[in-house]
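Below: one structure, written as structure tokens.
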Amino acid sequence: MATFEKLLVAFFIFAVAPGIVLVDATFADSTYLTWGFQHASLQGDNLSLVLDQNSGSAAQTKIPYLFGSFESRIKLVPNNSAGTVTAYYLSSTGNKHDEIDFEFLGNSSGQPYIIHTNVYTQGNGSREQQFYPWFDPTADFHNYTIHWNPNEIVWYVDSIPIRVFRNYQSVGIAYPNQQGMSLYTSLWDADNWATRGGLVKINWSGAPFTARFNQFKARACPFNGTASINQCAAKIPTNWWTSTVFKQLGHATLRKLNWVRSNYLIYDYCKDTFRFNGQLPPECYKQQY
């Protein structure tokens, strides 16, 4: 059974379990605007973020979560998007925050976007992997999902996994499982680094720039403080993300992961020996798949 077929079965179990009701809330039900109010539009199941020379814009979920699946359909800024970044990520707060990133780095017209991923644990990041999309992400909406459970984090694009970060906390490698994280979206000016390391700046004659989101789903465990840590990780039927079927990817899904990584991976921190002076981070020596 394919991973997302298993996911649908698990969602069904969650929905019909006694006392449990699965509600697919709209963007407006789940999130609120945090800055750039004069630019953004949040109506029903649709969120539009706008960037011009005055401001970008952003939104976040009303509550934090610990483990689950977070998905949205996103249509990125079209045409010359160089210097812009559209972000879709989970994050806790504070100096020692955890974070799981999708960031979409704009590019000059005719050049591909870069899908930038990263993981922070206790404030430490530097775990970047980057990919070219195998489609035009500005021509239509595509599904971007972060699946996060006690065993692993999986980044999906249109139900195809592109990256996995497994939990090796038992051997001293940090893993994000102690802090609740909210889901954030933003569109902002990052032309000091986003495109060719900041060499290509935003062409403001093309402003305003707009990124569009819809069909947001947070099928996840609400985080209500430290008491939620054990509750959200408990292996009970309503915590579908702890089911054995989500402990690791199946063979068919692994083939899709390997296809993406063989053809579209353009940067992997675990291959960058120069950056780390030959001492790669410890998880790079562990099997992610």
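If I ask for residues that are out of contact with any Gly (no Cβ under 6 Å at 6 or more places or on another chain) and crowded, with 22+ Cβ neighbours inside 10 Å, which ones from the range 37-57 would you list?
Answer for the range 37-57, where residues must be out of contact with any Gly (no Cβ under 6 Å at 6 or more places or on another chain) and crowded, with 22+ Cβ neighbours inside 10 Å: A40, L47, L49, L51.
Take the residues in the range 62-95 that are assigned to a strand (DSSP E or B) and among the hydroxyl-bearing types (S, T, Y), then tell me which one is nearest to N203 (Cα to Cα).
Among them, the one singled out is T84.
Let me confirm something: among I162, I146, which residue is aliphatic (A, V, I, L, M), surrounded by 17 or more Cβ atoms within 10 Å (Cβ to Cβ) and under 19 Å from P222 (Cβ atoms)?
After applying the criteria, what remains is I146.
Where the second residue is of a type in the set (D, E) and surrounded by 13 or more Cβ atoms within 10 Å (Cβ to Cβ) and the first is closer than 23 Å to N151 by Cβ and lies in the range 256-283, which pairs have Cβ atoms under 7 Å and are six or more apart or on separate chains?
Between residues of the range 256-283 that are closer than 23 Å to N151 by Cβ and residues that are of a type in the set (D, E) and surrounded by 13 or more Cβ atoms within 10 Å (Cβ to Cβ), the close pairs are Y269/E128.
Please go through the range 216-264 and give me each residue that is part of a helix (DSSP H, G or I), in contact with an Asp or Glu (Cβ under 9 Å, 6 or more places away or on another chain) and crowded, with 20+ Cβ neighbours inside 10 Å, ordered by number.
F246
Coordinate-derived values only; no laboratory data. Because the structure is predicted, anything quoted here is derived from the model rather than measured. Positions of Cβ are backbone-derived with ideal geometry, glycine not excepted, and every protein chain shown enters the neighbour counts.
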